[in-house]
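Taking it in order: structure first as structure tokens, then the write-up.
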Amino acid sequence: ERVMVDKSIQDLKDEHAKHLRLICAETNAMAESIRSEMTNELFQKEMQIQKASLKLSQATPEKEKLVRRTTQLEHESEHLPTLCRQSVKVVKKKSRNGFQRAKNFFRR
């Protein structure tokens, strides 16, 4: 009877060890799956960061070009009132000359 009890105890220990090995294997498999998934997500995020960084580096010269053009246009717009006044003077002078020529033409 003692042998039977010892055998039952050993069977229980073996069964318990078997369950522990299964649990460890499942846990390791889940951990590996999660690690793989996280590594994949991390890789994707790094790729997104690289793409964004590339876009930013490409956008910076374009932005600088736009800033220079804006500054140039602002500078040119400062002279517009003067140019308008000069244009009006030229138009008035030409129209006066044209009027004088027409007047002289009809006098003849």
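Placing +1 on the Cβ of every Lys and Arg and -1 on the Cβ of every Asp and Glu, with nothing else charged, gives the chain a dipole about its Cα centre of roughly 3160 debye. For the chain, the longest principal axis of the Cα atoms and the long axis of helix 80-107 meet at an angle of about 30 degrees. Spin-label pair Lys94-Glu26: with each label point 7 Å from Cα along the Cα-Cβ axis, the two points sit 9.3 nm from one another. Projecting the Cα atoms of Gln86, Leu73, Leu20 onto the dipole axis of the chain, where Lys and Arg carry +1 and Asp and Glu carry -1 at the beta carbon, places Gln86 farthest toward the positive end. Label-point separation (nm) for Gln48 and Met4, each offset 7 Å from Cα along Cα-to-Cβ? In this crude spin-label approximation the distance works out to 6.6 nm.
The accessible area of Phe99, taken with all protein chains in place and a 1.4 Å probe, comes to roughly 130 Å². In this rough spin-label picture, where each label sits 7 Å from Cα along the Cβ direction, the Ser36-Arg107 distance is 10.4 nm. What separates the Cα centres of segment 38-71 and segment 6-31 is a distance of 53 Å.
The values are calculated or read from the model by the stated rules, or taken from the named source; none is laboratory data. If you're wondering where the values come from, they're calculated on a predicted model, not measured in any experiment. Glycine also receives a Cβ, built like all others from the backbone with ideal geometry; neighbour counts cover every protein chain displayed. Accessible surface is based on the protein model in full, side chains and every heavy atom, while ligands, DNA and RNA are left aside. Shrake-Rupley method; radii C 1.70, N 1.55, O 1.52, S 1.80 Å.
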